[in-house]
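The next block holds one structure in the form of structure tokens; read it before the comments.
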Amino acid sequence: MSYVIIGNSVAAVGAIEAIRKVDKEINITVISDEPYAVYSRPLISEYLAGQVKEDMMGYRAPDFYERNGVTTMLGRKITEIERARKSVKLDNGEEVAYSKLLIATGGSPFIPPMKGLGLGGVMTFIKMDDAKKLDAMVPELKHVIVIGAGLIGLKAAESLHHRGVKVTVVELANRVMATVLDVEAGNIVQKALEQAGITIITEDTVAEIIGDSAGMANGVKLKSGKALDCDAVVVAIGVIPNAGFAKESGVEANRGIIVDDHMRTNLTDIYAAGDVAEGPDYLNGGVRVMPIWPNAYIQGKIAGFNMAGVDREFGGGLAMNSIELFGVPVITVGLSNVESDDLEVLTKVEENSYRKIVLRGSTVVGAVFAGKVERAGMVTGLIRDQIDVSDMRDRLLADDFGYIDFPIELRKERLGVS
Amino acid sequence: MKRVYAKEEVCIGCRLCEVYCRTEHSKSKNIIKAHKKETPRPVARVLVEELRPVSFAVQCRHCDEPECVESCITGALTKDESGAVVYNVDKCVGCWTCVLVCPHGAPQRDLERRKIAKCDLCPDRETPACVDFCPNGALIYEER
């Protein structure tokens, strides 16, 4: 008996920690194409900014694998799942047998076809090696074009700015972080970026990357016709699940690998979790790829428990993000930017802060906090637990909203107050 | 494990728990220096909520399956063998993901350090400072 986990990021850790709560003995093998012990992917921006050194990027203590009895095979790629033999095939032909398999291979940057992608200085920004490569280039960089004003693009922009590099962000939508932020919150974030000196171009995109005779990117041409000089381009449009090899081996996948509420795929003894999975969506129903860190840990944990024989159900992924850019914190949860007749929106706008609560009937289904994010989780909890907020509606927008506004019985249950 | 529980019928909202929490988590451990001299000023890990006449103190519940630990992007938050949710301040980068997920609103933002502050159950003391110094016995530390 042996469990094999493909992938070595947060979903893998969630699974390992859950399995070891139940079973201290069974062999666990982690196989990953990255050569590193598990590290915090979101920290690559702090690394690039020079604020976190490589030795502080470990997501778990250096003895994590040893303490948990995990064998690692790092720097190795899986080419195929041999279902009949219950084994996975590595790029060097070696096979590793599994009794249960977890696919936690994450995602890869989405790169739309455009001219010039093969030029030097055209980068993506999701892995340690991306950050190292960009870090090594920084002394030579004067102006970088970032394509995409989502979380990854904006964190890359902020980090490069901290290193003294001029940055221009080009975004197809009409504002930054358009998938999760409404116009009001988008403006607050955009203002912070622009005040810091970052140029944001919206409703436009890079049509072509232009290179010099040495094959290095030295400019971009935008769809609008505008041309910009630059010496590197960071493509940060989105992430797509690394589901290809699994699909070829017969695992059912749509955008991501489809999993049920136990993180099971269509194939016996094969599970999937994290950014590669298309799992149950808490608020909308159905399945959805939700590439966010907490979701990946929880999915990994649920997969791990079920692999180890403990029945645990996944309640569904809840979209949520927390980011701080140039000192402005922004938190979004659930249906933060959806307009629909059955939704009611409460907002409070102050100078440099914004709070929004989205209600469906008597429950909260979405929220945005910008500028002031204190105790935002109290609202996240209301969403997750589908608490009836009829009696606290008037207080939901208050900066000091808290347990004091809860019905006393619920407060007692949550806090154990007497 | 032992946790801190509030008794709201005897809490008068004096906020001394916050004062002694700040002091305990200061460099000097001196009440006056902690509040008037130290920079950055220590942040209280306990928060008094009040809507008169009701008040009570809230701090980390050290949950059995803590959302903050599962969501922390750096691994700064972990659950130790005793069950306490412990915090490695050096690993915190101020991303506020724990603020986003904690249903109790327990992690406080330390804006001077750009890191969070949360209850550590006062590891250097037998009983957490908030409990010891509450003049009304409105906080109790016990196993339930």
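Does B:GLU49 satisfy the criteria of being within 12 Å of another protein chain (Cβ to nearest Cβ), open to solvent by 40 Å² or more (accessible area, probe 1.4 Å), acidic (Asp, Glu) and in contact with a strand residue (DSSP E or B) (Cβ under 9 Å, 6 or more places away or on another chain)?
Values: within 12 Å of another protein chain (Cβ to nearest Cβ): yes; open to solvent by 40 Å² or more (accessible area, probe 1.4 Å): no; acidic (Asp, Glu): yes; in contact with a strand residue (DSSP E or B) (Cβ under 9 Å, 6 or more places away or on another chain): yes.
Criteria not met by B:GLU49.
How many of the residues in the range A:205-233 are in a strand (DSSP E or B), under 16 Å from A:MET137 (Cα atoms) and open to solvent by 10 Å² or more (accessible area, probe 1.4 Å)?
Number satisfying all stated conditions: 2.
Does B:SER71 satisfy being among the small types (Gly, Ala, Ser), within 10 Å of another protein chain (Cβ to nearest Cβ) and touching a Ser or Thr at 6+ places or on another chain (Cβ under 6 Å)? So that I can check it myself, show each step before the final result.
Details: among the small types (Gly, Ala, Ser): yes; within 10 Å of another protein chain (Cβ to nearest Cβ): yes; touching a Ser or Thr at 6+ places or on another chain (Cβ under 6 Å): yes.
Spelling it out, B:SER71 is indeed among the small types (Gly, Ala, Ser), within 10 Å of another protein chain (Cβ to nearest Cβ) and touching a Ser or Thr at 6+ places or on another chain (Cβ under 6 Å).
Please give the number of the condition A:GLY381 fails out of (1) without any contact (Cβ under 8 Å) to a residue 12 or more places away in the chain; (2) open to solvent by 10 Å² or more (accessible area, probe 1.4 Å); (3) under 29 Å from the mean Cα position of the chain (by Cα).
(2)
Restricting to the range B:85-105, name every residue that is open to solvent by less than 10 Å² (accessible area, probe 1.4 Å) and aliphatic (A, V, I, L, M).
Selection gives B:VAL85, B:VAL99, B:LEU100, B:VAL101.
Show the residue pairs that are 6+ apart or on different chains and have beta-carbon atoms under 7 Å apart, the first residue being within the range A:93-119 and modelled with pLDDT of 95 or more and among the charged types (D, E, K, R), the second being open to solvent by 30 Å² or more (accessible area, probe 1.4 Å) and not in a loop (DSSP other than H, G, I, E, B).
A:GLU95/A:GLU82; A:GLU95/A:LYS89; A:LYS115/A:GLU208
For A:GLU25, indicate whether it is assigned to a loop (DSSP other than H, G, I, E, B) and farther than 27 Å from A:LEU154 by Cα.
yes
Within the range A:132-179, which residues are within 18 Å of the chain's Cα centre (by Cα) and farther than 19 Å from A:GLU324 by Cα?
A:ILE147
In the set A:GLY361, A:GLY327, A:GLY309, A:GLY315, which member is exposed (fewer than 14 other Cβ atoms within 10 Å of the Cβ), within 11 Å of chain B (Cβ to nearest Cβ) and out of contact with any Asp or Glu (no Cβ under 6 Å at 6 or more places or on another chain)?
When all the criteria are applied, what remains is A:GLY327.
Name the residue, out of B:ARG41, B:ARG3, that is touching a residue at least 24 places away in the same chain (Cβ under 8 Å) and either closer than 21 Å to B:ARG144 by Cα or open to solvent by less than 30 Å² (accessible area, probe 1.4 Å) (or both). Spell out the reasoning first.
Values: B:ARG41 fails: either closer than 21 Å to B:ARG144 by Cα or open to solvent by less than 30 Å² (accessible area, probe 1.4 Å) (or both).
Of B:ARG41, B:ARG3, the one residue that is touching a residue at least 24 places away in the same chain (Cβ under 8 Å) and either closer than 21 Å to B:ARG144 by Cα or open to solvent by less than 30 Å² (accessible area, probe 1.4 Å) (or both) is B:ARG3.
Could you list, in sequence order, the residues of the range A:385-403 that are open to solvent by less than 20 Å² (accessible area, probe 1.4 Å) and more than 12 Å from chain B (Cβ to nearest Cβ)?
A:VAL389, A:LEU396, listed by residue number.
Take the residues of the range A:43-70 that are touching a Lys or Arg at 6+ places or on another chain (Cβ under 8 Å) and not in a loop (DSSP other than H, G, I, E, B): which is farthest from the other protein chains (Cβ to nearest Cβ)? Walk me through how you get there before you give the answer.
Step one: of the range A:43-70, the residues touching a Lys or Arg at 6+ places or on another chain (Cβ under 8 Å) are A:44-45, A:47-50, A:56, A:61, A:68-69.
Imposing the further condition that a residue be not in a loop (DSSP other than H, G, I, E, B) reduces the set to A:44-45, A:47-49, A:56.
Values: A:ILE44: 11, A:SER45: 9, A:TYR47: 10, A:LEU48: 13, A:ALA49: 10, A:MET56: 7 Å.
Taking the candidates together, the pick is A:LEU48.
Please go through (1) in a helix (DSSP H, G or I); (2) open to solvent by 30 Å² or more (accessible area, probe 1.4 Å) for A:ASN337 and return the number of the only condition it doesn't satisfy.
For A:ASN337, the exception is condition (1).
If you go through the range A:372-400 one residue at a time, how many are part of a loop (DSSP other than H, G, I, E, B) and closer than 18 Å to A:PRO329 by Cα?
Narrowing the range A:372-400 to residues part of a loop (DSSP other than H, G, I, E, B): A:372-376, A:385-392, A:396-400.
Okay, now just the ones that are also closer than 18 Å to A:PRO329 by Cα, so A:372-376, A:397-400.
So the count comes out to 9.
I'd like the residue in the range A:28-42 that is of a type in the set (Val, Ile, Thr) and either within 13 Å of chain B (Cβ to nearest Cβ) or surrounded by 19 or more Cβ atoms within 10 Å (Cβ to Cβ) (or both) and, out of all such residues, is farthest from A:LEU154 (Cα to Cα).
Residues of the range A:28-42 that are of a type in the set (Val, Ile, Thr), as a first pass: A:28-31, A:38.
Checking the rest, the ones that are also either within 13 Å of chain B (Cβ to nearest Cβ) or surrounded by 19 or more Cβ atoms within 10 Å (Cβ to Cβ) (or both) come to A:28, A:30-31, A:38.
Values: A:ILE28: 37, A:VAL30: 32, A:ILE31: 31, A:VAL38: 24 Å.
Top of the filtered list is A:ILE28.
Among the listed residues A:GLU25, A:GLU80, A:GLU46, A:GLU95, which satisfies the condition of being under 21 Å from A:ARG264 (Cβ atoms) and either open to solvent by 20 Å² or more (accessible area, probe 1.4 Å) or touching a Phe, Trp or Tyr at 6+ places or on another chain (Cβ under 6 Å) (or both)?
Numbers: A:GLU25 fails: under 21 Å from A:ARG264 (Cβ atoms); A:GLU46 fails: under 21 Å from A:ARG264 (Cβ atoms); A:GLU95 fails: under 21 Å from A:ARG264 (Cβ atoms).
Criteria check complete, one pass: A:GLU80.
With the condition being within 25 Å of A:ILE404 (Cα to Cα), I'd like the strands (runs of 3 or more DSSP E) fully within the range B:1-94 carrying at least 2 qualifying residues. Step through it out loud before you land on a result.
Numbers: elements: B:2-6, B:47-51, B:54-58, B:77-79, B:85-87.
Result: B:2-6, B:47-51, B:54-58.
Take the residues of the range B:6-27 that are farther than 15 Å from B:CYS119 by Cα and either open to solvent by less than 20 Å² (accessible area, probe 1.4 Å) or of a type in the set (Lys, Arg) (or both): which is farthest from the other protein chains (Cβ to nearest Cβ)?
Selected residue: B:LYS27.
Looking at B:THR127, B:THR78 in this structure, which one is among the hydroxyl-bearing types (Ser, Thr, Tyr), closer than 30 Å to A:LYS155 by Cβ and surrounded by fewer than 24 Cβ atoms within 10 Å (Cβ to Cβ)?
Working: B:THR127 fails: closer than 30 Å to A:LYS155 by Cβ.
It is B:THR78.
What number of residues within the range A:273-305 satisfy the criterion of being part of a loop (DSSP other than H, G, I, E, B) and of a type in the set (S, T, N, Q)? Quick ask: steps written out before the conclusion?
Start the filter on the range A:273-305 by keeping residues that are part of a loop (DSSP other than H, G, I, E, B), which leaves A:273, A:282-286, A:290-292.
Checking which are of a type in the set (S, T, N, Q) leaves us with A:284.
Qualifying residue count, the range A:273-305: 1.
Condition (residue is closer than 22 Å to A:PRO241 by Cα and not β-branched (Val, Ile, Thr)) applied to the range A:335-351: is it met by at least one residue? Working first, answer last.
Just the residues of the range A:335-351 that are closer than 22 Å to A:PRO241 by Cα, to begin with: none.
Looking for residues that are closer than 22 Å to A:PRO241 by Cα and not β-branched (Val, Ile, Thr), one finds none in the range A:335-351, hence no.
The values are calculated or read from the model by the stated rules, or taken from the named source; none is laboratory data. Note that this is a predicted model, so its numbers are computed, not measured. Positions of Cβ are generated from backbone atoms using ideal geometry, with glycine treated the same way; all protein chains shown enter the neighbour counts. Heads up: the accessible areas ignore ligands, DNA and RNA and are worked out on the full protein's heavy atoms, side chains in. Shrake-Rupley method; radii C 1.70, N 1.55, O 1.52, S 1.80 Å.
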